[in-house]
Amino acid sequence: MTVHLNTAGAGLMPSSVVEALCGYVAEEAAGGSYEAEQRYAPVLEGEVYRILAQVLDAPEDDLALFDSATRAYCSVIGNLPLTAADTVWVTPYEYAGNLILLHGMRRRLGLRIEVVPLLPDGNVDLDWMAAHIHDGVALVSLPHVPSGCGVINPVEEIGKILAPWRCFYAVDACQSVGQVPLSVAAIGCDLLTGAGRKFLRGVRGTGFAAVSPRLRSAVRLPFFDLQVADMVADDAFEVSTDTARRFEFAERNNAAVLGLNAALHHHASRTDDRASGALREAVRGAIEEIPGTRLIDPGTRHAQIVTFLHDRVTPEQVRTGLRARGINVWIAQGSHTPLYMRAQQVEFAVRVSPHYYNTDADIEAFAVALRATLN
Ligand SMILES: Cc1ncc(COP(=O)(O)O)c(C=O)c1O
């Protein structure tokens, strides 16, 4: 039996997700893919957006589905008409994919990118934000929980600081949705992006965005696909909707969307204590008791992502040693959270990310395997 402690990579799909995914593919194979799509239209065009709206606490019209969180972020932010007069704020926790997009825009458009400082304890400096925000800031972007460590950023408090200002506010919820309670309405963000495959336990190749009407009307899309646009004359087209569906393309992996729908329902009907940090503390304790380990653990509020190094054994050796003992962990690449990890001089670290399906026995097995690997 494998103990899966790599939900920050991809979570284990519940059986309802596997059944939705495989059942749909089987129907496509038996009776035709377009015909299956027609049969499932109420789910593909309606239900999946309704349940996503419920899970994110966002209006249905604001939601769009993508094939990754990065695609969601790039499809919206990449089409914002920013100029050399604009400043973008990121934090040291920003995800590398988002940074690559923003720095590409900086090169093309001449905008400025500023990094919001952290306090010595690793929390984002909210006083600095409140004191320095000005109307030249066009976009503030930060992850709710970063890729490389478990800090939970105070996205609601930041939303309150930014609310009176002109800037758009983008929250990358890729690592938080499904493990940290979140509400787009309470955060007050213009954009929230996420992936289906991690703590929501959905399918690979699924992502989504909640895009506010204010942000939708600012974005200049170069193209609208045929689910929302029509050629109404030989040289003219019309777009039929103002909803966020205009960010989507017409062709998509319907089996994956049905799997996402099942994962969202599964998540919405969970009755366990979503805010529990017990697993994280148990993982942390198992690591800390071994001499030579160093946790990368900034901030005061933490999700179930624990990252660490050992002074003698490399992260890759730890991963391999644990895998041989039936435990899945992953490598946090410093280059994926480059600003923070570079400052900590971390190139690679071991990332352990339990989820509610892990038991105390799983964490005990991890502790035993880790001791054996590091001794
Ligand atoms: C914080 C964060 N943002 C964005 C992403 C990108 O997600 P995707 O691979 O679905 O594009 C990841 C992926 O691990 C992530 O950890």
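A few remarks follow.
- FRET efficiency for ARG342 and ARG50, using Cβ-Cβ distance with R0 set to 45 Å, rounded to 0.05: 0.60
- Ordering ALA255, VAL18, GLY136 by the projection of their Cα atoms onto the charge dipole of segment 15-268, which places +1 on the Cβ of Lys and Arg and -1 on the Cβ of Asp and Glu, puts GLY136 at the extreme positive end.
- Modelled label positions at ILE290 and PHE249, each set 7 Å beyond Cα in the direction of Cβ, lie 4.3 nm from each other.
- In this rough spin-label picture, where each label sits 7 Å from Cα along the Cβ direction, the ASN375-ARG312 distance is 1.3 nm.
- If you wrap the tightest convex hull around every Cα atom of segment 114-190 and split its volume per residue, you get 93 Å³.
- Rounded, prolate or oblate (a/c below 1.5 giving rounded, otherwise prolate when a/b exceeds b/c) for the chain by Cα gyration tensor: oblate
- Difference of contour (0.36 nm per residue) and Cα-Cα distance, ALA233 to ARG107: 41.6 nm
- The alpha carbon gyration tensor of segment 142-274 gives principal lengths a ≥ b ≥ c with a/c of 1.5 or higher and a/b no greater than b/c, which makes the shape oblate.
- Ranked by how many other beta carbons lie within 10 Å on average, peptides 87-94, 278-285, 129-136, 311-318 from highest: 87-94, 278-285, 311-318, 129-136
- A simple count of charges around GLU27, restricted to other residues whose Cβ falls under 15 Å of its Cβ and scoring Lys, Arg +1 and Asp, Glu -1, yields -3.
- Think of each Lys and Arg Cβ as +1 and each Asp and Glu Cβ as -1; about the Cα centre, that makes the dipole of segment 226-375 roughly 740 debye.
- Our summary gives segment 138-237 a relative contact order of 21 percent, counting only alpha carbon pairs under 8 angstrom and 6 or more residues apart.
- Karplus-based coupling profile of segment 152-168, in residue order and whole Hz: 9, 6, x, 5, 5, 4, 5, x, 5, 5, 7, 3, x, 9, 6, 4, 7, with θ = phi - 60° in 6.51 cos²θ - 1.76 cosθ + 1.60 and x standing for Gly or Pro.
- R0 of 25 Å, Cβ-Cβ distance SER183-VAL368: FRET efficiency to nearest 0.05: 0.05
- Highest-MSF residue in the chain out of VAL239, VAL203, VAL124 [GNM, Cα springs under 10 Å]: VAL239
- Using only side-chain charges placed at the Cβ, +1 for Lys and Arg and -1 for Asp and Glu, the dipole size of the chain relative to its Cα centre rounds to 1060 debye.
- P(r) tail fraction, segment 214-257 - alpha-carbon pairs more than 13 Å apart, %: 60
- Between ALA26 and ALA163, the modelled label-to-label distance comes to 5.0 nm, taking each label 7 Å out from Cα in the direction of the beta carbon.
- Ellipticity at 222 nm from helices only: DSSP H runs of n ≥ 4 in the chain, each -39500 (n - 2.57), divided by the residue count, give -10500 deg cm²/dmol.
- Sequence-separation-based contact order of segment 15-268, relative, with Cα cut under 8 Å and 6+ spacing, percent: 27
- Largest mean-square fluctuation among PHE224, PHE168, PHE237, in a Gaussian network model of the chain whose springs join Cα atoms under 10 Å apart, belongs to PHE237.
The numbers here are math on the coordinates, done by the rules we state, and not lab data. What you are looking at is a predicted structure, and each value in this text was computed from that prediction instead of being measured. Heads up, the Cβs are rebuilt from the backbone with ideal geometry, glycines too, and the neighbour counts pull from every protein chain shown.
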